[in-house]
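A short reminder: the numbers here are calculations on the coordinates, not readings from a lab. Since this is a predicted model, take the numbers as computed values, not measurements. Every residue, glycine as well, gets a Cβ built from its backbone with ideal geometry; the counts of neighbours run over all protein chains shown.
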Amino acid sequence: MIISLPLTEYVSFSFQELLELELKRAYRGKQPFSLTLLSFSNGTQADCSLLVLQETLRDTDTVFRHGEASFLVFMPMTNKEGLEIVVDRLKQSLVSRDYLDDNAVHTDFRAVSVTFPEDGDSKNLLLNRLEERAKNI
């Protein structure tokens, strides 16, 4: 599910609301989840990459627009190993799109991630760790 604008056909949750809800589910079900921040070099690359995200991510993953050139991706029931697979698949999909599309320019992006509960067991701790990792790239 993609949630990027308040006026879409999708149910609109804020990222904060979804994170709080999913933290409760993760605690109750003892299930991991992962958050990834995908940052592109500009808004045009981010916009062009949205279709690749839709095609590559699972239906249960949720993408939020985060500024002009980045997305936050929430992946329920995804541990560190699963997260690595998803990020690698995204990289391959973006490279393939660049290779197959004559008009595409090289897509430059960075991905930083955190996983519950390994990287934190609260909303603030997870978001702080994600922000720290984003600064260190």
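Place a point 7 Å from the Cα of Gln92 along the Cα-to-Cβ direction; which residues of the stretch 50-68 have their backbone N under 17 Å from it?
52-58
Using 0.36 nm per residue of separation minus the Cα-Cα distance, give me the extension gain between Asp108 and Lys24 in nm, one decimal.
So the chain would gain 26.8 nm between Asp108 and Lys24.
For the pair Ile85 and Asp121, what calculated FRET efficiency results from E = 1/(1 + (r/R0)^6), where r is the Cβ-Cβ distance and R0 = 22 Å, to the nearest 0.05?
Between Asp121 and Ile85 the formula returns 0.40.
Identify all lysines with a Cα-Cα distance to Lys135 below 19 Å; exclude those on the same chain that are fewer than 8 residues away in sequence.
Lys123
About its Cα centre, what dipole magnitude does the stretch 2-135 give when the only charges are +1 on Lys and Arg Cβ and -1 on Asp and Glu Cβ, stated in debye to the nearest 20?
The dipole of the stretch 2-135 has a size of about 460 debye.
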